[in-house]
Amino acid sequence: LTKNKKAMELKGGAFIINKTACDDVFIPEEWNEEQKMIANVCNDFIESEIEPKLDRIDHQEEGLMQKLLNKAGELGLLSLSIPQEYNGMGVDFKTSLLATEYLGKGHSFSVAFGAHTGIGTLPILYYGSEEQKQKYIPKLATGEWKAAYCLTEPNSGSDANSGKTNAVLSKVGKYYLLNGQKMWITNGGFADVFTVFAKIENDENLSAFIVERNYEGISFNPEEHKMGIKGSSTRQIFFNDVKIPVENLLSERNNGFKIALNILNIGRIKLGAGVLGGSKETIKDSIKYAVEREQFGRSISKYGAIRYKIAEQFLKTFALESALYRAGQNIDDKILQLQEAGMEKSKATLKGIEEFAIECAILKVAGSECLDFVVDEAVQIHGGMGYSAESKVERSYRDSRINRVFEGTNEINRLLIVEMLLKKGMKGQLDLMTPAMKVASELMSIPDFNENNKNLIDELHFYLDNFKKTVLMIAGSAVQKLMQTLSKEQEILMNISNMLIEIYLAESTLLRVEKNLKSEKIKENDVQIQLLEIVFYELADKLAKYGKDAILSFADGDEARMMLMGLKRFTKYKNINPKELRQNIALFIIEKGEYRLD
Ligand SMILES: Cc1cc2nc3c(=O)[nH]c(=O)nc-3n(C[C@H](O)[C@H](O)[C@H](O)COP(=O)(O)OP(=O)(O)OC[C@H]3O[C@@H](n4cnc5c(N)ncnc54)[C@H](O)[C@@H]3O)c2cc1C
């Protein structure tokens, strides 16, 4: 790790106050041969085993999903993140994200896979005792046993700590008696092992238990009928006086909520990876149709309105990819740093991911909304065919929608992004105050007009610094003015959150392009440069809008005027020709026929 990176980048949320050097970020152009090979195996698996069976999967053909998971297990795909001592491959975090990306275009299979390897397996891997790990992890690693995660209840969704499922310790102290009901449980139809969250007696906080399917007293409702991901098993589960051996308590009593949240952190960034794969696949489908379909005597891919859509699909996906792997590397670096300081691997992994929980939430929101955008425009590009159940994009459209709901709804994640950031500020883990005050005083001074920036990259860094000031100015004033009540002002929090998300994506895009330029992977006129210009041009306007909404929601009179002036100054951006740039971007990607940069 470079010295700079050690000091700065290894703090989650720090992007908003720090200047990151492009040398300190990982970019997807840097995958090594081994990583590319893993990606290829995942890609081949989806193309050969899953895609031909999508209809059968969606009809929930008896036993099919289990068989496919077993096949994935044979290839080692279920054990990528599992350490070698438990039969796993033990790849680093960002490589597990890469695999998730390539497995992400498998529709319902991807959901079953994600639930098994993520929220299903990881609670035991990261919080289990040695005996628990020895008993379950090797079987989960091969797919012999399948896993599920039971947090949600009919009356406890986003408010996950409010569940009613209850466990009472038996008189002799040998087992807990579990009673309650869980809802929306992915893999519920066939999982052998469940992590069930429940409160022990009158505890305020959840605890977590490992529950096996064959324990007496467990019953299931029939499969839910869903809008999309129809092939993924989703059930309600009932626990009626189920005896859970005391040794199946996971971690410690009252630690369940913490487990639930930390596992969700991982789920969120992995969701970001999965939807990246879905977006890339859908871009390919969009281009293919656009090129083939002719209207008014020409391929519709020649029309500006269609090119606009393809350009947008591409640049949103590029930004997501840049941000995802930047965060992935940060997490790996943090894990390494903690291990070097003496922390044991699985604990370091959890802590490393927790440090970047803000970025994980950003990627969940940005990723799910990127895919929703991409599939929506894909349907539009397909016209009536997009609405036909015979087209591939019809399924993609339906299957995408769930991503904004599970792993914490996007509203909850947006709130969390700001909440976690402010908390880090409050606790002194991030110094938000000094830069916020600096911005406030800068408002009184003469603006810098961006005259000294010789090249585009320097110029964009100048704009980026200013963009970050808009958030610091607004969040700083909102905290000062509203104090404790800010946490209830959700409209303002949403605005600030949107600003943070957009800045993270744009900065990651800039750093990637800058690094590619520096290493001469691309030239000054590359499509990546054009894409970057659009991202920044759009960002300026988005920040101006979110910022104005936020300011006018809590300030008026001179105070509002002052901040609006500042907002105008800090979101000032040069003029570009958006039509020409998007045309070039679309032409580039249409020619490739798929999401490809080389
Ligand atoms: C197909 C599918 C698979 C799933 N798989 C699993 C699984 O394997 N395991 C599991 O435990 N759960 C699973 N879930 C549950 C999922 O995580 C929840 O549906 C989700 O967390 C939202 O909870 P809810 O449905 O109760 O919605 P609610 O919490 O009732 O939310 C309804 C709306 O209100 C908003 N809202 C709620 N609280 C607030 C607030 N404080 N401020 C602002 N807005 C708020 C939400 O954002 C949402 O828009 C799954 C769900 C589905 C549909």
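Odds and ends about this structure:
- Subset of the stretch 197-210 that is within 17 Å of SER129 (Cβ to Cβ) and crowded, with 24+ Cβ neighbours inside 10 Å - its residue that is nearest to the ligand (Cβ to nearest atom): ALA208
- Single residue of the stretch 582-598 satisfying the filter (surrounded by fewer than 19 Cβ atoms within 10 Å (Cβ to Cβ) and among the aliphatic types (A, V, I, L, M)) that is farthest from the chain's Cα centre (by Cα): LEU587
- Test result for SER388, of a type in the set (S, T, N, Q), surrounded by fewer than 24 Cβ atoms within 10 Å (Cβ to Cβ) and modelled with pLDDT of 95 or more: yes
- Hits in the stretch 398-418 (condition: crowded, with 24+ Cβ neighbours inside 10 Å and hydroxyl-bearing (Ser, Thr, Tyr)): SER400
- Check on LYS182, of a type in the set (D, E, K, R), surrounded by 24 or more Cβ atoms within 10 Å (Cβ to Cβ) and in contact with a helix residue (DSSP H, G or I) (Cβ under 8 Å, 6 or more places away or on another chain): no
- The number of residues in the stretch 134-144 that are surrounded by 21 or more Cβ atoms within 10 Å (Cβ to Cβ) and not small (Gly, Ala, Ser) comes to 3.
- Only one entry in ARG414, ARG307, ARG404 is closer than 15 Å to ASP285 by Cα and either modelled with pLDDT of 95 or more or among the acidic types (Asp, Glu) (or both), namely ARG307.
- In the set (1) over 20 Å from the mean Cα position of the chain (by Cα); (2) of a type outside the set (D, E, K, R); (3) modelled with pLDDT of 95 or more, the condition left unmet by TYR102 is number (1).
- Residue list for the stretch 383-421, filter: aliphatic (A, V, I, L, M) and away from the ligand (no atom under 16 Å from the Cβ): MET385, ALA389, VAL393, LEU421
- Scanning the stretch 516-535 for residues that are in a helix (DSSP H, G or I) and either under 23 Å from the mean Cα position of the chain (by Cα) or not charged (D, E, K, R) (or both) returns ASN516, LEU517, VAL527, GLN528, ILE529, GLN530, LEU531, LEU532, ILE534, VAL535.
Here's the yes/no breakdown for (1) over 26 Å from the mean Cα position of the chain (by Cα); (2) farther than 23 Å from PHE406 by Cα:
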position	(1), (2)
TYR176	yes, yes
ASN179	yes, yes
ILE185	no, no
PHE209	yes, no
LEU249	yes, yes
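- Residues of the stretch 286-301 that are part of a helix (DSSP H, G or I) and either on the phi > 0 side of the Ramachandran plot or free of Cβ contacts under 8 Å to residues at least 40 places away in the same chain (or both): GLU292 alone.
- Any hit, the stretch 75-87, residues being modelled with pLDDT of 95 or more, over 24 Å from ALA141 (Cβ atoms) and either touching a helix residue (DSSP H, G or I) at 6+ places or on another chain (Cβ under 8 Å) or assigned to a loop (DSSP other than H, G, I, E, B) (or both): no
- Here LEU80, LEU64, LEU103 are screened, and the one residue that is farther than 23 Å from LEU350 by Cβ and surrounded by 14 or more Cβ atoms within 10 Å (Cβ to Cβ) is LEU64.
- Check on GLU538, acidic (Asp, Glu), closer than 16 Å to SER301 by Cα and part of a helix (DSSP H, G or I): no
- Residues (under 20 Å from ARG56 (Cα atoms) and assigned to a helix (DSSP H, G or I)) located in the stretch 99-113: LEU103, SER108, PHE109, SER110, VAL111, ALA112, PHE113
- Whichever residue in the stretch 443-458 is in contact (Cβ under 8 Å) with a residue 60 or more places away in the chain and surrounded by fewer than 18 Cβ atoms within 10 Å (Cβ to Cβ) and, among such residues, is nearest to GLY476 (Cα to Cα): LEU443
- Residue in the stretch 90-99 that is within 17 Å of the chain's Cα centre (by Cα) and either within 16 Å of the ligand (Cβ to nearest atom) or of a type in the set (S, T, N, Q) (or both) present: yes
- The stretch 167-196: number of residues that are touching a strand residue (DSSP E or B) at 6+ places or on another chain (Cβ under 8 Å) and within 16 Å of the ligand (Cβ to nearest atom): 17
- Selection of strands (runs of 3 or more DSSP E) fully inside the stretch 161-231 by the criterion of at least 3 residues being β-branched (Val, Ile, Thr) and in contact with a Ser or Thr (Cβ under 9 Å, 6 or more places away or on another chain) returns 193-200.
- SER441 being outside any helix (DSSP H, G or I), among the small types (Gly, Ala, Ser) and over 28 Å from ALA366 (Cβ atoms): no
- Residue among LYS243, LYS226 that is away from the ligand (no atom under 16 Å from the Cβ), basic (Lys, Arg), modelled with pLDDT of 95 or more and surrounded by fewer than 24 Cβ atoms within 10 Å (Cβ to Cβ): LYS243
- The lone criterion from (1) surrounded by fewer than 19 Cβ atoms within 10 Å (Cβ to Cβ); (2) part of a helix (DSSP H, G or I); (3) touching a residue at least 24 places away in the same chain (Cβ under 8 Å) left unmet by LYS572 is number (2).
- Subset of the stretch 114-160 [within 10 Å of the ligand (Cβ to nearest atom), part of a loop (DSSP other than H, G, I, E, B) and either at pLDDT below 95 or under 22 Å from the mean Cα position of the chain (by Cα) (or both)]: LEU151, THR152, GLY157, SER158, ASP159
The values are calculated or read from the model by the stated rules, or taken from the named source; none is laboratory data. Predicted model only: the values in this text are computed from it and were never measured. Cβ atoms come from the backbone with ideal geometry, glycine included; neighbour counts cover every protein chain shown.
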